[in-house]
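Visitor: Provided herewith is a single structure, encoded as structure tokens, for subsequent inquiry.
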Amino acid sequence: MGEKERVFRQFSPLTCQVFSYILKHRPVSRADIGGGLYKTAMSVKRAVEYLEEAGLVAECGIGQSTGGRKPILYTVNSSRYYLGAVNISTTYCEVAVMNLCMEILMIKDFPLNSYSVPDQAMDQVAEFFHQILEELKLEKGQILGVGVSVFSSFNRESGKVIRPIILYLNENWVDYPIIRELERRLDLPVEMEKGTNAAAMLEYEYGKARDSERMLYILCAMNIRSAVVMKGELQSIAPYYEDAFGHMTINYDGEPCQCGKYGCVDCYTTIPAIMEQFRMGIKKGRSSILAEQVDAPFFSFYDICRASEEGDVLSCEVLTSAASMLGLALSNYIDLFCPDMVILSGLLVKESSLYFRVAVDTAKQKSSYGVGRESIRFERRGSFPHSITSGAGAILLERLMGKG
């Protein structure tokens, strides 16, 4: 019997619910668990005992008394079982091992590009994974499985990659059976999810959106990707594409896009778009503290962000223009889904407070749903430094517990 079955399928749905509650509210008493799940004290007691016997939870202290005996507190045992996590992006691949508290213990990465062959990439994933186990002194039997975040959508029945709107890697990735190939190399169960979906569920279940009912998660970097979570369920919005939001038309007579359309969100709001607009400004004679660097091989998006913080007018204008277009597109999403939380994540948001601020201000101004409301929370970045990679592990754990 595999680790997945041995550790989790022996449990009733209630026991899995109790484990999930402890994971999300740790440290917590049995009384708090019963109150949170509306379950009897005896049923919670049995469930906690099962979880202790399996090595999944452990006592961690004594809580405050509310009039009687001080309660025992429980938390997740972070040193018995572990999760593998892989993020297959368009420019890099991260391989990690996490504990059950969603903490990455070790992570390794290698680059990917249009010449990367999937079989070689899977070989490298397996090599790094085994290196991590050796360095952490872990046995493979302690790993419950491997979660994979993938750059594209995929067929859930076959585990094969589906062509995205833009094929970011090469043709060899189309219909490539990632799940089968990783299971063969790792000899562990593998679960897969679109990268932004995985990051969104991580945030919804364990991060800033834990109290949210309807969340929009927007990742802003080399392209614009999105996910929608409502009442704990990923919504199958554009199920075959992760980048559909980025290819929403916001200017029908606008710039040509790689997808073949015109005026897509990606044409104005991404890192490549910002770099191109900045270079165009310099060619037109605009002044900037970066003017002499713009054609240098080391010139990057980070330079524009730093220059904007120093008050460079062109840098500020380019970032403001890009963020305004994102905010306009975001306002349409807000009017459609009426979220109570919007998380903007990704390299653009991480590196530029100006980009985040302008995007949010524009979305608030343009959204009909947001008029006169304070109910929408906008968050700059999530709670986890490697959100898509950690999200892969979180998706795995949720499915091991019978969710999703």
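Visitor: Could you grab me the full set of residues in the stretch 99-132 that are hydrophobic (A, V, I, L, M, F, W, C) and without any contact (Cβ under 8 Å) to a residue 60 or more places away in the chain?
Guide: If the condition is that a residue be hydrophobic (A, V, I, L, M, F, W, C) and without any contact (Cβ under 8 Å) to a residue 60 or more places away in the chain, then L105, M106, F110, L112, V117, A121, F128, F129, I132 are the ones that fit.
Visitor: Take the conditions in contact (Cβ under 8 Å) with a residue 60 or more places away in the chain and either among the small types (G, A, S) or in a strand (DSSP E or B) (or both) and apply them to S212. Does it pass?
Guide: yes
Visitor: Give the residues of the stretch 248-299 that are in contact with a helix residue (DSSP H, G or I) (Cβ under 8 Å, 6 or more places away or on another chain) and small (G, A, S), sorted by residue number.
Guide: G254, A273, G281, S287, S288, A291
Visitor: Identify the single condition in (1) surrounded by 21 or more Cβ atoms within 10 Å (Cβ to Cβ); (2) under 16 Å from S89 (Cα atoms) that A221 does not satisfy, given that it satisfies every other one.
Guide: (1)
Visitor: How do the pairs read when you match residues in the stretch 248-267 that are open to solvent by 70 Å² or more (accessible area, probe 1.4 Å) with residues anywhere that are part of a loop (DSSP other than H, G, I, E, B), using Cβ under 6 Å and keeping only pairs 6 or more apart or on different chains?
Guide: Y252/G263; Q258/I166; Y262/G254
Visitor: A further question follows. Which ones in the stretch 297-317 are under 20 Å from G285 (Cβ atoms), of a type outside the set (A, V, I, L, M) and in contact (Cβ under 8 Å) with a residue 12 or more places away in the chain?
Guide: Correct list: D303, S308, D312, S315, C316, E317.
Visitor: Considering only residues that are exposed (fewer than 14 other Cβ atoms within 10 Å of the Cβ) and among the acidic types (D, E), which ones fall in the stretch 47-105?
Guide: E49, E53, E59, E103
Visitor: Follow-up question, since we're still on this one. Looking at the stretch 181-211, which of its residues are farther than 25 Å from A323 by Cα and among the hydroxyl-bearing types (S, T, Y)?
Guide: Hit for the stretch 181-211 is Y206, nothing else.
Visitor: Continuing with this model, one more query. Determine, yes or no, whether L326 is in contact with a Leu (Cβ under 9 Å, 6 or more places away or on another chain) and in contact (Cβ under 8 Å) with a residue 60 or more places away in the chain. Reasoning before the result, please.
Guide: On the way: in contact with a Leu (Cβ under 9 Å, 6 or more places away or on another chain): yes; in contact (Cβ under 8 Å) with a residue 60 or more places away in the chain: yes.
Yes; evaluated as a whole, the condition is true for this residue.
Visitor: If you don't mind, there's one more thing I want to ask. Out of D361, D335, I need the residue that is out of contact with any Cys (no Cβ under 8 Å at 6 or more places or on another chain) and farther than 30 Å from M275 by Cβ. Which one?
Guide: Going through D361, D335 in turn, just one is out of contact with any Cys (no Cβ under 8 Å at 6 or more places or on another chain) and farther than 30 Å from M275 by Cβ: D335.
Visitor: Would you confirm, using the coordinates I've provided, whether S149 is assigned to a loop (DSSP other than H, G, I, E, B), of a type in the set (S, T, N, Q) and at negative phi?
Guide: No, not satisfied.
Visitor: Output the residue which, of all residues in the stretch 268-290 that are among the small types (G, A, S) and assigned to a loop (DSSP other than H, G, I, E, B), is least open to solvent (accessible area, probe 1.4 Å).
Guide: Ranking the qualifying residues of the stretch 268-290, first place goes to S288.
Visitor: Inspect the stretch 293-312 for any residue being under 19 Å from C264 (Cα atoms), within 27 Å of the chain's Cα centre (by Cα) and modelled with pLDDT of 95 or more and give the result as yes or no.
Guide: Within the stretch 293-312 (the criterion being under 19 Å from C264 (Cα atoms), within 27 Å of the chain's Cα centre (by Cα) and modelled with pLDDT of 95 or more), the answer is no, since none of the residues qualifies.
Visitor: For P164, indicate whether it is closer than 16 Å to I88 by Cβ, open to solvent by less than 10 Å² (accessible area, probe 1.4 Å), at pLDDT below 95 and not polar (S, T, N, Q).
Guide: Values: closer than 16 Å to I88 by Cβ: yes; open to solvent by less than 10 Å² (accessible area, probe 1.4 Å): yes; at pLDDT below 95: yes; not polar (S, T, N, Q): yes.
Yes.
Visitor: Of all residues in the stretch 28-38, which are crowded, with 17+ Cβ neighbours inside 10 Å and of a type outside the set (G, A, S)?
Guide: Hits for the stretch 28-38 are V28, R30, D32, I33.
Visitor: How many residues does the stretch 171-214 hold that are open to solvent by less than 10 Å² (accessible area, probe 1.4 Å), under 19 Å from D123 (Cβ atoms) and among the charged types (D, E, K, R)?
Guide: Count: 0.
Listed here are the residues, each with its yes/no results for (1) out of contact with any Ser or Thr (no Cβ under 7 Å at 6 or more places or on another chain); (2) hydrophobic (A, V, I, L, M, F, W, C); (3) more than 23 Å from M230 (Cα to Cα); (4) open to solvent by less than 10 Å² (accessible area, probe 1.4 Å).
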{"site": "E292", "(1), (2), (3), (4)": "yes, no, yes, no"}
{"site": "C305", "(1), (2), (3), (4)": "no, yes, yes, yes"}
{"site": "G311", "(1), (2), (3), (4)": "yes, no, yes, no"}
{"site": "S321", "(1), (2), (3), (4)": "yes, no, yes, no"}
{"site": "G327", "(1), (2), (3), (4)": "no, no, no, yes"}
{"site": "I343", "(1), (2), (3), (4)": "yes, yes, no, yes"}
{"site": "L354", "(1), (2), (3), (4)": "no, yes, yes, no"}
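Visitor: Let me ask something additional. Those residues that are among the aromatic types (F, W, Y) and at pLDDT below 95, I need them from the stretch 337-377; list them, please.
Guide: Answer for the stretch 337-377, where residues must be among the aromatic types (F, W, Y) and at pLDDT below 95: F337, Y369.
Visitor: While we're looking at this one, here's another question. Checking V228 against (1) part of a loop (DSSP other than H, G, I, E, B); (2) crowded, with 18+ Cβ neighbours inside 10 Å, which test does it fail?
Guide: Status for V228: all satisfied but (1).
Visitor: Taking the stretch 134-151, which residues are closer than 21 Å to G195 by Cβ and open to solvent by 10 Å² or more (accessible area, probe 1.4 Å)?
Guide: Correct list: empty.
Visitor: Find the residue count for the stretch 106-126, including only residues that are touching a strand residue (DSSP E or B) at 6+ places or on another chain (Cβ under 6 Å), open to solvent by 20 Å² or more (accessible area, probe 1.4 Å) and of a type in the set (A, V, I, L, M).
Guide: Of the residues in the stretch 106-126, 2 are touching a strand residue (DSSP E or B) at 6+ places or on another chain (Cβ under 6 Å), open to solvent by 20 Å² or more (accessible area, probe 1.4 Å) and of a type in the set (A, V, I, L, M).
Visitor: Another question about this same structure. Give the stretch 356-383 a look and list any residue that's open to solvent by 30 Å² or more (accessible area, probe 1.4 Å) and assigned to a helix (DSSP H, G or I), or say none.
Guide: F356, R357, D361, K364, Q365, K366
The values are calculated or read from the model by the stated rules, or taken from the named source; none is laboratory data. From a predicted model like this one, the values you see are computed outputs, not experimental measurements. Don't worry about glycine lacking a Cβ; one is built from the backbone with ideal geometry, like all the others, and counts go over all protein chains shown. Protein only, heavy atoms only, side chains kept; ligands, DNA and RNA dropped before computing areas. Shrake-Rupley method; radii C 1.70, N 1.55, O 1.52, S 1.80 Å.
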